[in-house]
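Bear in mind these aren't lab numbers, they're just calculated from the coordinates by the rules spelled out. Source: prediction; values computed, not measured. Using ideal geometry, Cβ is built from the backbone for each residue, glycine included, and neighbour counts are taken over all protein chains shown.
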Amino acid sequence: MRPGDIDHRGRQPTDVDKRELFHLAQPTARRTKSPSRVERVRPHLRQLIESWTRTPAFIIGHAQDLLAANALADALYRDFAQHDNVLRMLFLDPAAKTFYRSPERARDRAVADLQQTAASAPEDPRILELVGELSLRSGEFRSLWAREYTRVPPYEVKQIHHSVVGDLELRHEALYIRSVPGQQLIILQAEPGSASADGLALLGSPSAPEVPHQQNPGRGA
């Protein structure tokens, strides 16, 4: 990993940005379609997260699409039918209601994060596609997206319930990847020596019970 690849900085929207967000919230608006950018994970970053065997980690794109994940992150989110986008998992997958002890807080933060990104790229085709889909399929998303922009809350300890290892408390941290603007490295850490650390160790062990994947309904379901 090269020095300077990752930082913690993020831009807050201006009043002009907020007006753009209002227009973006209208999924039926006619816009000139631009080609979507292809997001790729740099090999050294993929190698980095794959080397972490005790810490779940994954990389998301500018619209919170999941681009890469290590084996422990895959095992942690195995209860979900879809592993393609953070917001789709939160709003469209029933597993979110039992996986997160406070799913409302997780959704609130994810929407605020997407609003911040959309403020700097209001005509981004991937964001338009995602907002349009979620607006049609989730009343809760529509309500959150239509509200006045709120500052992205800081990351905190996430309380989750995994179907195999039970309750976990994990520190959630996001690092912006400077070498690829828009991408974030997400890290979930357990307190050393805690029950949550033991749970992650069990989840990552070869003897961990298998959890059958749910059928993935796909993006257009």
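Assorted remarks:
- Relative packing of peptides 132-139, 54-61 - highest average C-beta neighbours within 10 Å first: 54-61, 132-139
- Tail fraction, Cα-Cα pairs, region 127-168, threshold 16 Å, whole percent: 61
- Here each label is just a point 7 Å from Cα along the line to Cβ, and for Ser102 and Asp84 those points are 3.0 nm apart.
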